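Read through the structure below, which is laid out as structure tokens, and then see the notes.
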Amino acid sequence: MPLRPPAVLPPNAALESASFLPLLAAQTTPARPPRGPVGLPQDAGPHDASLIEWWYFNAFLTGESGKRYAVVGSFFRTGITPQRKGHYLIFSLADLDTKKKSAYSIIDRANLELLKAFLPLAALQQPGDPRPGKLLAILQKGQIPRPHRAIASTAAVKKRPFAIAFGKNSLAQASADARTWKARLVGDDFTLALTLSQPDRPPMLVGGAGKTGLGKPDDMFYLSLTRMRSQGTLTRRGKAEKVSGDGWLDRQWGTSWVVGDNGWDWFGLQLSDGSDLIVYRIKDNRSGKVLRAEATLLDRNGRQVVDKAPTFTPSGAWTDPVSKITYPRAFRVTLPAIGHTLTITPAFPDQTIPVLGIGDAIWEGVVHVSGARREGTPIEGRGYMELVGHKARPPRRQ
């Protein structure tokens, strides 16, 4: 029997009210009290002063049958005041053998209420963009646009040890040191229960200290657990099998990750020499100006190297037939301080996830990595790529 998250209202079902925060307003409260370095377990749980925060994980898994899968999930918490927070979840499961994926976008009641409150502001601040007004009109009818879904309740959050329950979907800190996590995702035709653990390799503090704010460093914080041992059970169409592999967990929170019409290109990569790499750029979509770009490499011995001058060269184009958004087919990334030149290519093109609040979709999926070190020796790997803020191509003139 196909599985479906409980208490989920189908698209266009009646809702009492309605947010994945479309705009992040300025605030003076720091995203994190100045109480020592960024790290775990102290930063595993929610930070109420943050405008937006999320817990993201991905994993490459192989089943007892030999079938190969990849999973990604991100649990968001948004809201300007500590007393009023909403929650949002996106996730997907990719079958790497058949090159097919299923993706989900689910919002809770508290976030829907926030969205209804903030959409009029978004419409006023972006008069040339018809999307906020259209979405508001749908929500005012007590509906939610397809293919998004809503749970009729507010996600349950436990601060210490951290846990978030989003219907049947959940993510939880499973050890006192926050080095082990448990995740559960439920799609229409699958259930995945997964344990991810990394007791040995230190957390990657992205950018060197885990501070990645656009305005000032303390506006945004970012740490990752990489190369996590992952094991669990995947049930598809009523048939269960044990799965195991390598995973990754990102923890981010703050006030300045996205403001207005910004976007980013992000890569979380596991390289063949045992090192792990995060490389990203944040850009202004209107001007094309890069607002921040950096790479952080964590080697197999736990040492970090930060590169503040990566370059990105996209090539080719693929247009999502649903959202009509066009994404690059590949990237060439050069890391002068680290000494790598990498070509990053999707395992297959169709790996978008529908989203509310930052356009119609993002590209979030599995990539292959090939390239060379400075001295010419080859390097390869795999990972996840996330492309946010890319646009639909303008129609051709007749």
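The values are calculated or read from the model by the stated rules, or taken from the named source; none is laboratory data. What you see is a predicted model, and the numbers here were worked out from it, not measured in a lab. Every residue, glycine as well, gets a Cβ built from its backbone with ideal geometry; the counts of neighbours run over all protein chains shown.
Of a type in the set (A, V, I, L, M, F, W, C), more than 30 Å from D200 (Cβ to Cβ) and surrounded by 15 or more Cβ atoms within 10 Å (Cβ to Cβ): is that true of A330 in this structure? Full working, then the answer.
Numbers: of a type in the set (A, V, I, L, M, F, W, C): yes; more than 30 Å from D200 (Cβ to Cβ): yes; surrounded by 15 or more Cβ atoms within 10 Å (Cβ to Cβ): yes.
So A330 fits the description; yes.
For segment 228-257, which positions are in contact with a Lys or Arg (Cβ under 9 Å, 6 or more places away or on another chain), surrounded by 18 or more Cβ atoms within 10 Å (Cβ to Cβ) and closer than 20 Å to W55 by Cβ?
The answer is M228, G232, G245, D246, G247, W248, W253, G254, S256.
Residues to consider are L335, L387, L356, L342; find the one that is in contact with a Phe, Trp or Tyr (Cβ under 6 Å, 6 or more places away or on another chain), of a type outside the set (S, T, N, Q) and at pLDDT 95 or above.
Working: L335 fails: in contact with a Phe, Trp or Tyr (Cβ under 6 Å, 6 or more places away or on another chain); L356 fails: at pLDDT 95 or above; L342 fails: in contact with a Phe, Trp or Tyr (Cβ under 6 Å, 6 or more places away or on another chain).
One residue alone meets the criteria, L387.
How about segment 206-222: which of its residues are part of a strand (DSSP E or B) and crowded, with 23+ Cβ neighbours inside 10 Å? Let's see the steps before the verdict.
We begin by selecting, within segment 206-222, every residue part of a strand (DSSP E or B); these are 211, 220-222.
Scanning segment 206-222 gives M220, F221, Y222.
For the subset of segment 129-145 comprising residues that are outside any helix (DSSP H, G or I) and modelled with pLDDT of 85 or more, which member is farthest from the chain's Cα centre (by Cα)?
Keep residues of segment 129-145 that are outside any helix (DSSP H, G or I), which gives 129-130, 141-145.
Still in the list and also modelled with pLDDT of 85 or more: 130, 141-145.
Working: P130: 25, K141: 30, G142: 28, Q143: 25, I144: 22, P145: 21 Å.
So, considering only residues that are outside any helix (DSSP H, G or I) and modelled with pLDDT of 85 or more, the one farthest from the chain's Cα centre (by Cα) is K141.
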